[in-house]
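S.K.: Quick one: the structure is below, and I'll ask about it shortly.
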Amino acid sequence: MNKYDVAVIGSGPGGYVAAIRCAQLGLKTAIIEKYSTLGGTCLNVGCIPSKALLDSSHHYHDAVHHFEKHGIGVDGLKVDLGQMISRKDEVVSQTTEGINFLMSKNNIDVYQGIGSFKDATNINITKEDGNVETIEAAKTIIATGSKPSTLPFITLDKKRVITSTEALKLKEIPKHMIIIGGGVIGLELGSVYKRLGAEVSVVEFMPTIIPTMDKMLAKELQKSLKKQGMKFYTSHKVTSVTNNGDEVVVTADDKKGKSVEFKGDYVLVSVGRRPFTDGLGLDNVGINVNERGQIETNDHLQTNVSNIFAIGDVVKGAMLAHKAEEEGTMVAEFIAGQKPHINYNLIPGVVYTWPEVAAVGKTEEQLKEEGVAYKSGSFPMRALGRARASMDIEGQVKVLADKETDEILGVHMIGARAADMIAEAVVAMEFRASAEDVSRMSHAHPTFTEAIKEACLAATDNRPIHS
Ligand code: FAD
C-alpha cells in the first residue's frame, strides 16, 4: 500500500494549492480527484470558463455598441456561439493541463477516483471501473468543494431549467433567460447572454442584487445593467417553476404578495452553492458537519479528528477560489509546523460584470451596525481622463476610513478594471495604511487607479483634486 505524509481529496484551487505547498515543504503528497481533469469547479465549470465567455461577449458588445464611436466600422458582425464555447473549452483544457504539469513538477501522485475514508488514516479510492485502491496518509486535507444548490420545488432538467454548469455550454442564445438569484454567478452569466442578444430577467428574493456587498455597489451595478437592458425584479419570492419543454414559466410573489408570472425559454437557477461531502465517508471517521452541511473546523482548519483538515467551499466562509487557495497554503504550512495566518477580512470579492465590481474590508452597512465611527470619500470614474479616453465612465470608488485614525476599513469600487484594481486596496489594508498614506502615493497618470488616490483624498479631508 502507498503511504503518504499528506493526502488531499479534491483538486480545486483549495486542493491543488494545498498539495503543491505540502510538496514544496518536503511532505510526500497524494491528490485524489474523482473527475478525469484536475482543477475542480473553478477551472472546469466556474471562474475560468465564465471569464472566458464574459471576455468573448464583452468584445462582441463593444463591437456592437462602442466601435462606431471609436471610428471603427464592422460590417456583417455576428456571433458564432459554437466557436465562443469551443474557445472557452480550449482555455479550460489549457488551464487544467497546467495543473497536471504542476502535479508532476512537484512529484505529487495523482489518483483518479472517489476518495472515501475507511478510517482516519486509510482512504479508499474507488475508480471508474469499480476497483478500489487504498492509500495510507498520516494527514488528510478535505477539499471537496461545492455544488449548485436549488430550491426544493424546482426540478433541474439541466436542459431548460439549468445551473451555471449548463449555462457555460448552451447550444443557442436564449430568447428570454429568467435568472433566479441576483448574486455574482447569476449576474455574470446573465451578462454573457444579455450581451449576446438574449432578453434577461433577474428575479431576486432580497431587496437588492449582490445583497452581501456594500449597498452603493448594488445600486450602481443594477443601474448599469438596467441600462444594458437587463430587467430586475427584486423583493420577489419565486414560488414555482413549470417546465413545458420549450417554454418555462416562473411564478413569484412580489413585495405586496401579488403573484407575477415570467415566461422564458431558459431558467438559470443561481441561488447559491452547497458544500459537497457526498461519498466521502465522513461517518466512518465521525467528522462533524454543521446544519448548513459545512465541515466544522477550528482556527487551524482542523476537523474534530485531529489529523484531518478541511478547506475551501466545503467549510465556512466566502465561496471563492482565492479564499480556498489561502486556506490550502495555510493548512500545508500548519502541517509542516509553521504558524501561518489568514486575514479573512481582507479576502476581496469581485463581480466580473461590466462595469466590474470589487470590494474588500467592511461595508458601510457593517460599520454602522458595529457602531464604528468612520468617514467616507468617493470619486466618480467619469472624472478620470483615462475613463473618458476609453469611454468607460461608469462607476465610482468609495473609501471608508476610521474617523479618528484614518485607517482604511473598506474599499468598494465599481468601474472598468475594478477586479484588478482592488489589489491595491488589499495591499494598503494588509499594511494598515491610512487613507492619507494612499493619497500621498504616486499613481500613474492616466490610469483608473487614480480614482483610488482621489477617493482617499476625499476620505482624508475631503480634498479630491479632480472633482
Ligand atoms: P472545488 O473547486 O469545488 O473542487 C472540489 C473538487 O473536489 C472537485 O473537482 C470535485 O470533483 C472533487 N471531489 C469532490 N468529492 C470528491 C471525492 N470524494 N473524491 C475525489 N474528489 C472529490 N470564485 C472566484 O474566486 N472567482 C470567480 O470568478 C469565480 N467564478 C465562479 C463562477 C462560477 C460559474 C462558479 C460555479 C463558481 C465560481 N467561483 C469563483 C467559485 C469557485 O469556483 C469556488 O469557490 C472554488 O472552486 C472552490 O474551490 P475548492 O477547492 O474548495 O473546491
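S.K.: Once the other residues with Cβ under 12 Å from the Cβ of residue 206 are scored (Lys, Arg +1; Asp, Glu -1), what is the net sum?
M.R.: On the way: positive: 215, 237, 255; negative: 204.
In short, +2.
S.K.: Can I ask one more? Once you have the Kirkwood Rh of the chain from its Cα pairs, apply Stokes-Einstein at 4 °C and 1.567 mPa s and quote D in µm²/s. Walk me through the intermediate numbers first.
M.R.: Working: Rh = 23.9 Å.
Approximately 54 µm²/s, per Stokes-Einstein.
S.K.: Next up: Lysines near residue 339 by alpha-carbon distance under 27 Å, same-chain residues fewer than 8 away left out - which ones?
M.R.: The reachable lysines, counting only those whose Cα sits under 27 Å from residue 339, are 3, 28, 105, 139, 316, 323, 362.
S.K.: State, as an integer percentage, the relative contact order of the chain based on alpha-carbon contacts under 8 Å between residues 6 or more apart. Could you put the intermediate results ahead of the total?
M.R.: Working: 1015 pairs, mean separation 67.4, N = 467.
Answer for the chain is 14 percent.
S.K.: Turning to a different aspect of this structure: Step through the table entries 78/147; 219/255; 88/194, compare each Cα-Cα distance with 25 Å, and write down the pairs that go over it.
M.R.: Values: 78/147 34 Å; 219/255 18 Å; 88/194 18 Å.
From 78/147; 219/255; 88/194, over 25 Å: 78/147.
S.K.: Counting only chymotrypsin sites (Phe, Trp or Tyr not before Pro) that are in a DSSP loop and have at most 10 other C-beta atoms within 10 Å, tell me the longest site-free stretch of the chain. Please list the in-between numbers first.
M.R.: Details: sites that count: 153, 431.
Maximal segment without exposed cleavage sites: 154-430.
S.K.: Taking residue 258 as the anchor, which lysines have their alpha carbon closer than 21 Å to its alpha carbon, excluding any fewer than eight residues away along the same chain?
M.R.: By straight Cα distance, residue 258 reaches 231, 237.
S.K.: For the pair residue 147/residue 36, report the inter-label distance in nm, with labels modelled 7 Å from Cα in the Cβ direction.
M.R.: 2.1 nm
S.K.: While we're on this one: Expected output is a single nm value to one decimal: the length gained when fully extending between residue 391 and residue 370, i.e. 0.36 nm times separation in residues minus the C-alpha distance. What is it? If you can, show how the numbers build up before the last one.
M.R.: On the way: separation 21, 0.36 × 21 = 7.56 nm, distance 3.86 nm.
My answer for the length gained is 3.7 nm.
S.K.: Now for a separate question. Select from the range 262-351 those GluC sites (Glu not before Pro) which occupy a DSSP coil region and have at most 16 other Cβ atoms within 10 Å, ordered by residue number.
M.R.: Counting only loop positions with at most 16 other Cβ atoms within 10 Å, the GluC sites (Glu not before Pro) in the range 262-351 are 291, 296.
S.K.: Under 16 Å from the Cα of residue 368, which lysines turn up, not counting those fewer than eight places away in the same chain?
M.R.: 215, 398, 403
S.K.: Then there's this: Using modelled backbone amide H atoms (1.01 Å from N, in-plane), which distant-in-sequence or interchain residues come within less than 5 Å of residue 240's amide H?
M.R.: 251
S.K.: If the chain between residue 306 and residue 132 were fully stretched, how many nm would it gain, using 0.36 nm times the residue separation less the Cα-Cα distance?
M.R.: In short, 60.1 nm is gained.
S.K.: Using Cβ counts within 10 Å as a stand-in for footprinting exposure, how do 320, 346, 221 rank, fewest first? Walk me through the numbers on the way to the answer.
M.R.: Values: 320 19, 346 15, 221 24.
The most exposed by this proxy come first: 346, 320, 221.
S.K.: Arrange the following residues from fewest to most other Cβ atoms within 10 Å of their Cβ: 441, 330. If you can, show how the numbers build up before the last one.
M.R.: On the way: 441 13, 330 22.
Fewest-to-most ranking of 441, 330: 441, 330.
S.K.: Near residue 178, within a Cβ-to-Cβ distance under 12 Å, what is the net charge of the other residues, with Lys and Arg +1 and Asp and Glu -1?
M.R.: On the way: positive: 160, 175, 231, 263; negative: 199, 204, 247, 261, 265.
Charge balance in the 12 Å sphere: -1.
S.K.: Pull up the DSSP beta bridges for the chain and report the antiparallel fraction as a percent, rounded to 5. Could the numbers behind the result be given before it?
M.R.: Numbers: 49 of 80 bridges.
If we restrict to bridges inside the chain, about 60 percent are antiparallel.
We did not get these values from a lab; they are worked out from the coordinates using the rules stated. Quantities reported herein were computed from a predicted structural model and do not represent experimental measurements. Neighbour counts are summed over all protein chains in view; Cβ atoms, including those assigned to glycine, are modelled from backbone coordinates with ideal geometry.
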